[in-house]
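A.B. asks: The structure's right below; bear with me while I get my questions together.
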């Protein structure tokens, strides 16, 4: 048990002290940063690109908007947002500096200088003033946060009235037979792929386990409502392998 809070949380299938989780997650993403984008393509057979495009379709970026992309890592979402809205601005926040460094090295980053910022920070204690953003996105990152409710509360705080939250996250397949197949792929193929491509089986074992610990679609939608968001809705992608969640600060 933690000497500081006495509370524990999950890190994959392990129980760890709450204050230890952020450091463990930081270690995972520091280890895989240089191969993160390559592994995303390999693990999903490129389907993650379609999921992110679906996210942009529903988010409908507009000129003049200011986006905060949390756990934005190498900039995938921010680049897509700014491509669709050339008159918008974006800030990418991530707890792992090496992920941000990979993003800054991407060719798109130089072309967007002046409209795109990179900030190292914590989703549970955002280093921004209240009501400074029109849109808040987090993709495949919120399940790694120690206290999800705190991150959602921070999202609500930094959004302007009329602002919108959108979360893209792995979720739960509602058909048992398909879930069984998905589990076989996840636990047998993805860690082996992580070893072959990123030379890191353990980090990808954690990522697979963290998906199974994340709340299902209905439970996560309820958490978004509890944070104060309204007009909460969700859309399954690829039969629930991933899910888009939307909420508005009204």
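The values are calculated or read from the model by the stated rules, or taken from the named source; none is laboratory data. Note that the structure is a prediction, hence the values are computed from the model and not measured. A quick note on method: Cβ atoms are made from the backbone with ideal geometry, for glycine too, and the neighbour counts reach across all protein chains shown.
A.B. asks: When you scan region 162-250 for helices (runs of 4 or more DSSP H) that lie fully inside it, which ones turn up with 2 or more residues that are closer than 24 Å to residue 131 by Cα and either in contact (Cβ under 8 Å) with a residue 60 or more places away in the chain or more than 21 Å from the chain's Cα centre (by Cα) (or both)?
C.D. replies: By residue number, 217-226.
A.B. asks: How many residues are touching a helix residue (DSSP H, G or I) at 6+ places or on another chain (Cβ under 6 Å) and in a loop (DSSP other than H, G, I, E, B) if we restrict to region 124-133?
C.D. replies: Looking only at that region, the number is 5.
A.B. asks: Would you be able to say whether some residue in region 134-143 is farther than 20 Å from residue 233 by Cβ and either assigned to a helix (DSSP H, G or I) or without any contact (Cβ under 8 Å) to a residue 40 or more places away in the chain (or both)?
C.D. replies: no
A.B. asks: Next up: Go through 19, 102, 108, 15 for me and flag whichever is over 24 Å from residue 211 (Cβ atoms) and modelled with pLDDT under 95.
C.D. replies: When all the criteria are applied, what remains is 108.
A.B. asks: What do you reckon, is residue 26 farther than 18 Å from residue 201 by Cβ, in a helix (DSSP H, G or I) and in contact (Cβ under 8 Å) with a residue 40 or more places away in the chain?
C.D. replies: Considered against the rule, which asks whether it is farther than 18 Å from residue 201 by Cβ, in a helix (DSSP H, G or I) and in contact (Cβ under 8 Å) with a residue 40 or more places away in the chain, residue 26 comes out as yes.
A.B. asks: Here's a follow-up. Every residue in region 75-117 that is part of a loop (DSSP other than H, G, I, E, B) and buried (at least 24 other Cβ atoms within 10 Å of the Cβ), please.
C.D. replies: The answer is 75, and nothing else.
A.B. asks: To continue, here is another question. Within region 2-12, how many residues are at pLDDT 85 or above and either more than 17 Å from residue 144 (Cβ to Cβ) or part of a loop (DSSP other than H, G, I, E, B) (or both)?
C.D. replies: So the answer is 1.
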